[in-house]
1. Name, by its number, the condition in (1) open to solvent by 20 Å² or more (accessible area, probe 1.4 Å); (2) touching a helix residue (DSSP H, G or I) at 6+ places or on another chain (Cβ under 8 Å) that does not hold for Val237.
2. Would you call Ile402 closer than 20 Å to Ala75 by Cβ, aliphatic (A, V, I, L, M) and in a helix (DSSP H, G or I)?
3. Taking the residues in region 1-47 that are away from the ligand (no atom under 11 Å from the Cβ) and among the β-branched types (Val, Ile, Thr) as candidates, determine which candidate is farthest from the chain's Cα centre (by Cα).
4. What residue, of Pro353, Pro358, is crowded, with 24+ Cβ neighbours inside 10 Å and at pLDDT 95 or above?
5. Only one of (1) open to solvent by 50 Å² or more (accessible area, probe 1.4 Å); (2) touching a Phe, Trp or Tyr at 6+ places or on another chain (Cβ under 8 Å); (3) away from the ligand (no atom under 16 Å from the Cβ) is not met by Val59, so which one is it?
6. Which condition number in (1) at pLDDT below 95; (2) of a type outside the set (A, V, I, L, M, F, W, C); (3) surrounded by fewer than 17 Cβ atoms within 10 Å (Cβ to Cβ) is the one that Gly321 fails?
7. Looking at this structure, is Val252 in a loop (DSSP other than H, G, I, E, B) and either open to solvent by 20 Å² or more (accessible area, probe 1.4 Å) or aliphatic (A, V, I, L, M) (or both)?
8. Kindly indicate whether any position in region 161-181 is acidic (Asp, Glu) and farther than 30 Å from Cys4 by Cα.
Amino acid sequence: MATCRFCNSPLKHTLVDLGMSPLCESYLTAEQLNHMEPFYPLHVYVCDNCFLAQLEEYVSPEAIFTEYAYFSSYADSWLQHAKSYTNLMEKRFGINSNSFVVELASNDGYLLQYFVQKKIPVLGVEPAANVAKSAVEKGVPTLIRFFGEKLARELLAEGKCADLLIGNNVLSQVPDLNDFVKGMKILLKPGGVITLEFPHLMRLVEGNQFDTIYHEHFSYFSLITVEKIFAFHGLKVFDAEELTTHGGSLRVYGCHQDDVTKRVERNVAELRDREVATGLTSLDYYFAFGEKVKETKRKLLEFLIRVKWEGKSVCGYGAPGKGNTLLNYCGIRTDFLDFTVDRNPYKHGKFTPGTHVPIFPPDKIREKRPDYLFILPWNFKDEIMSQMSYIRDWGGKFIVPIPGVEIY
Ligand SMILES: [Zn+2]
């Protein structure tokens, strides 16, 4: 039996089973359509000891992240989020040109570029070489490595430790969670600050966001679980904020456990109490989720079948990882979606993994004038509906699939 990647208890309970799915960032070329494609179980368990929701590691991080199709900078609102974060860090913690800022999984430099603009020394750590290259072109020094205890010790030996250590949407992508957090503990300067952002498990369940589950996301966190993990490694959470990004994320602020300069804010106890009151420390809470997900699939397919019977055309917008979980789980292929479009040129001319929906540049929408535009990255729905508002010229409508089908 598989065991919990944090506390090692046996994993006996299913949160949700989404069947078999390919790696969601493995876009295919036309030539690859004729080849076999690996599918892996997308089965999430919840640990009855620490309540960490998790997938088994079916695929190594090397296989997933060495070349990665996700470039953070293609979403305008995410860049805005990154920029205001840098201003906040400057104000709240006095991060300045004497500080050293390290971001783990720094992607294409979408965030560190704003520290570089302020002449604040930075280091990005990013295992995906193709993505890291784009960071270096932006002037963001980047190590093409996986982070963990080993790299933290190497950096420390070079005299490098972080005043600010950032991990945005990376904690979920780490199979060896304890090695990663141990590395953070080592790399953090005494008095330094860690900020981590991750999708909040409570929002995932409440918002029915099952499509944010994919093989790249090994773990799904609540504040309660992160506090346990931090405490185990000699760190503590001293503040927590709820953010609207990625369908509802948490930003937690961490420091060394013995750091008396940081007051633990009331937010932490308030959110922890709210998680307990919502049921995150009871298994029944997790068991209810699976049925809700099945019902969402039935309703979405019912809607799509109806509009196809009416002779309407449906095209996708976006080809994000989450879209691929949704399309594969629901069995939506070119029988429902003629094609999808994406702003990321890396994906143009390719096909969605498993479902083989062709991906074009956004201009294709103007040319084909679909009756419905199916928004796959629903977390950016407002931005997309405003960018694509011209579909209303021909009576086009938007479909948002999550938490349940909505037409705009
Ligand atoms: Zn556990």
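1. Among (1) open to solvent by 20 Å² or more (accessible area, probe 1.4 Å); (2) touching a helix residue (DSSP H, G or I) at 6+ places or on another chain (Cβ under 8 Å), Val237 violates only (1).
2. Working: closer than 20 Å to Ala75 by Cβ: yes; aliphatic (A, V, I, L, M): yes; in a helix (DSSP H, G or I): no.
The answer is no for Ile402.
3. Ranking the qualifying residues of region 1-47, first place goes to Thr29.
4. Numbers: Pro358 fails: crowded, with 24+ Cβ neighbours inside 10 Å.
Just a single option satisfies the conditions, and that option is Pro353.
5. For Val59, the failing item is (1).
6. (3)
7. Numbers: in a loop (DSSP other than H, G, I, E, B): no; either open to solvent by 20 Å² or more (accessible area, probe 1.4 Å) or aliphatic (A, V, I, L, M) (or both): yes.
Against the criterion (in a loop (DSSP other than H, G, I, E, B) and either open to solvent by 20 Å² or more (accessible area, probe 1.4 Å) or aliphatic (A, V, I, L, M) (or both)), Val252 does not qualify.
8. Residues of region 161-181 that are acidic (Asp, Glu), as a first pass: 163, 176, 179.
Now drop any that are not farther than 30 Å from Cys4 by Cα, which leaves 163.
Looking for residues that are acidic (Asp, Glu) and farther than 30 Å from Cys4 by Cα, one finds at least one in region 161-181, hence yes.
The values are calculated or read from the model by the stated rules, or taken from the named source; none is laboratory data. Small disclaimer: the values here were computed from a predicted structure and weren't measured. Cβ sites come from the backbone with ideal geometry, for glycine too, and all protein chains shown count toward neighbours. Ligands, DNA and RNA are excluded from the accessible area calculation, which covers all protein heavy atoms including side chains. Shrake-Rupley method; radii C 1.70, N 1.55, O 1.52, S 1.80 Å.
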